[in-house]
Amino acid sequence: MQLMNDKLRAYLYLHFCVFIWGFTAILGKLISLQALPLVWWRVLICVVVLWFVVPRAQLRSLSRSQFGWMLFTGALVGIHWLCFYGAIKLSNASVAVATMATTSFFAALVEPLILKKAVKWYELALGILILPGMVLIVGNLNWDMRLGFAVGILGALLASVFTAINKKMIDRDKPPPLVMSILQLGGGLLITSLVLPFALYASPELPVMPEGYDWLWMMVLALVCTLLPFYLTLLAMRHISAFATNLTINLEPVYGVALAALVFQEHKDLHPEFYLGVVIILLAVFGHPFLKKWFEKPKPEGSADHAA
């Protein structure tokens, strides 16, 4: 019963996070900065806040290997965000959030590779099922936006990689979520800080300082849409698999595209294909627990693997 309650709570955390993440593309569009300085400020604010929250004893308890892996994973997170906001700037918010729906397809292949387990055919099938749903949500893609689309796909691949690595660390070491948060966001800050000077050298006119309402939107993006869901997702992954996490996150295009259409009128009216795409994604997301229960034999009592 406790295990079921933990899993239910984990899924509720995730769905709450996905709803919040639906606003990130909107905020990325509202903030006038380009992708690199936007991500740099996003992670900087998060790291500064966490520095005053994380117990120092928890940081000192980590091994060098754990410390290094968390920073490396955070660097992947940072590059993922650069791809995501780069896709927004190169195309639009709708295309950017929709490309994230391919994460499940990549996760079905990447997670077994990293966690050293067999590929589950039904997870691969669900990942493939997501793809037409994503295409329907985007609608008729203007191929002038194909570079933004490709950058978004790369971001989705990276998301599947760092989620699987996180799951491996959580199952093996069970590090405190706040410690994982500050080190991984610190890794994102490190990678963007290394790249930023080269970007400024190549484009000296690149704006770096937020202006006016940028500060308000940046604080919302950092604290509400980054720090809180980052922490809650790490908590949720103690009880559910990396694939289930990525599959649930595929609801983000549903929220993100609808919000983008509402705020920016990127589509004057949501076409019928949008709703069909939503139904496909919902079927994949909510069908996964049932398929898992149907196709996988119950584990013996006392098994250490309780991931959904």
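What follows is calculated from the coordinates using simple rules that are stated; it is not laboratory data. Quantities reported herein were computed from a predicted structural model and do not represent experimental measurements. Heads up, the Cβs are rebuilt from the backbone with ideal geometry, glycines too, and the neighbour counts pull from every protein chain shown.
State the Cα centre-to-centre distance between the range 72-94 and the range 162-189 in whole Å. With the range 72-94 and the range 162-189 each reduced to a Cα centre, they are spaced 19 Å. By the count of neighbouring beta-carbon atoms within 10 Å, fewest first, Met209, Met145, Met180 end up ordered Met209, Met145, Met180.
Under Stokes-Einstein, with the Kirkwood radius over Cα pairs as Rh, the value for the range 2-295 at 4 °C and 1.567 mPa s is 67 µm²/s.
Taking the number of Cβ atoms within 10 Å of each Cβ as an exposure proxy, the fewest-first ranking of Ser193, Ser65, Ser91 is Ser65, Ser193, Ser91.
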